[in-house]
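The values are calculated or read from the model by the stated rules, or taken from the named source; none is laboratory data. Small disclaimer: the values here were computed from a predicted structure and weren't measured. For neighbour counting, all protein chains shown are included, and Cβ atoms are generated from backbone atoms with ideal geometry for every residue, glycine included.
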């Protein structure tokens, strides 16, 4: 009894000395310790926890099932090491793999953390070998081992030497799979496998190198030919490009391309010569070592070739631009967004195309301002009157060759635009030497505050002038007060001289209406007035916007009216009234100063 009382008194004295409370350790981590190579539990393996100062703060050894539970003074960030006889000290490095020492281990927050740990056999091994290919391999080749025994591990890529050799040292004894990567031929796994799951397993023991040679999976070949969609005749000149596979664009002049590509499925973009439209082919499957034959049909197009020369000397003229204008196109677009034009090279040669099959006339704009603008005439010279321009409607799929375009020196036209009723000058009137499709045409010369304009760079021919008004206050009209181009007063331009041409404008007329679909108002419709005799756009193009439309600024004339839906990819079109073409459209008579209402049109 005396001994028990003495022990009790000692315990009471200890509690008093420590402030009356007892400190208790907390569980930091628990789980199992296993052999990384075999996956079997390691009985008796010990787990140690270290703080940032490399001081061991907790330790526990596993039972017969490899289970451990290590405690420490407090939760926090620690590093963990597993040890056992016959194994290398193995530090935990989480997703980075196992680490060999404290510095390589990962610091992690431990507070009753469930954590299965592994042990590695002692010693190191290495992988080495040679990567070869039966074809030219572009760019770098890299290899990387994948640790089958610890899949979370992410080892580093190793670059293969120029002679194809590689060596990966410092590998713990384990099972690996080898990944091979190329910048062009794609990735593969040993041996010529497409996926990790298919790859062969490589056992790497401690000691001498394990030699693993690999061959890059060979590419396949696309045998590509292009034929005319209508005639079936071969198209000799074209290029091909597979987006996403480098920048190579092989071309041919023989009508056939053998194009090597890594295995896979491809979209091919095919650029043909100017006599055909470019096209594309999707879903082309390329298999290793096999030839895939592809025959693409190309739509035939209009293509025009000529040269540009000085009319007096015959010298070739570079940087002269030619815009093909559709005869039935209702004027020259000349939009602020740019033109559809081609320019001559240093030899004066120019090849235009591909163009949609139609009849065209050529409007020529020399960049060298000593030469004048022209329409390519029916004979060897130029003209300022589109009615006398050469019409080109050659067959699609072949090159139409024209006589040389001969450039003449330039002249100018200048004058003053005034209000016909008051005589006051009018500012911001656009003046052009051809029929425009929009008053915003970038080639238009604008009158200044005094109504003056100066139109330069015109060839020495007879020209009609069109005067257009953005605001719709004044009617669009032609030189001499004409309502359309065919009645315009033709102005003779002389080389190196200025021709005077004053013009007076009158208020315009208008027409108005509404557009609909299936009986319901529908406003996303573009409304375009076209002269019934010349086919030229006769006023500003407007959109309904579900509020009804008003087209003003119109001279006295017969109009045909075009409607185009602009709110969807369908872009449905119709002519007034319920007509399918310009030829069959119903004319509407417009009188300057008056508005014609009720020009309603159903889109469908």
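Flag not set for residue 178, criterion: more than 45 Å from the chain's Cα centre (by Cα) and either closer than 21 Å to residue 62 by Cα or outside the structural domain of residue 56 (by TED's automatic domain parsing) (or both).
Say whether the condition of being in contact with a strand residue (DSSP E or B) (Cβ under 8 Å, 6 or more places away or on another chain), part of a loop (DSSP other than H, G, I, E, B), surrounded by 17 or more Cβ atoms within 10 Å (Cβ to Cβ) and not assigned by TED's automatic domain parsing to the domain that holds residue 535 is met by at least one residue in segment 357-370. Within segment 357-370 (the criterion being in contact with a strand residue (DSSP E or B) (Cβ under 8 Å, 6 or more places away or on another chain), part of a loop (DSSP other than H, G, I, E, B), surrounded by 17 or more Cβ atoms within 10 Å (Cβ to Cβ) and not assigned by TED's automatic domain parsing to the domain that holds residue 535), the answer is no, since none of the residues qualifies. Looking at segment 517-604, the strands (runs of 3 or more DSSP E) lying wholly inside it that each contain 3 or more residues that are surrounded by 14 or more Cβ atoms within 10 Å (Cβ to Cβ) sit at 525-531, 549-554, 557-565, 573-575. Taken together, the residues in segment 502-513 that are out of contact with any strand residue (DSSP E or B) (no Cβ under 6 Å at 6 or more places or on another chain) and within 16 Å of residue 575 (Cα to Cα) amount to 1.
Check segment 392-413 and report whether any residue there is surrounded by fewer than 19 Cβ atoms within 10 Å (Cβ to Cβ), assigned by TED's automatic domain parsing to the domain that holds residue 348 and touching a helix residue (DSSP H, G or I) at 6+ places or on another chain (Cβ under 8 Å). No, every residue in segment 392-413 fails to be surrounded by fewer than 19 Cβ atoms within 10 Å (Cβ to Cβ), assigned by TED's automatic domain parsing to the domain that holds residue 348 and touching a helix residue (DSSP H, G or I) at 6+ places or on another chain (Cβ under 8 Å). Can you find even one residue in segment 403-412 that is in contact with a strand residue (DSSP E or B) (Cβ under 7 Å, 6 or more places away or on another chain) and more than 22 Å from residue 319 (Cβ to Cβ)? Scanning segment 403-412 turns up no residue that is in contact with a strand residue (DSSP E or B) (Cβ under 7 Å, 6 or more places away or on another chain) and more than 22 Å from residue 319 (Cβ to Cβ). Across segment 395-409, not a single residue is classified as under 25 Å from residue 483 (Cβ atoms) and not in a loop (DSSP other than H, G, I, E, B).
Each residue in segment 484-500 was checked for being in a loop (DSSP other than H, G, I, E, B) and buried (at least 21 other Cβ atoms within 10 Å of the Cβ), and 3 pass. When segment 268-296 is limited to residues that are closer than 15 Å to residue 226 by Cα and over 24 Å from the mean Cα position of the chain (by Cα), the one that is surrounded by the most Cβ atoms within 10 Å (Cβ to Cβ) turns out to be 275.
Listed by position, the strands (runs of 3 or more DSSP E) enclosed by segment 422-483 include none that has at least 3 residues that are farther than 21 Å from residue 324 by Cα and in contact with a helix residue (DSSP H, G or I) (Cβ under 9 Å, 6 or more places away or on another chain).
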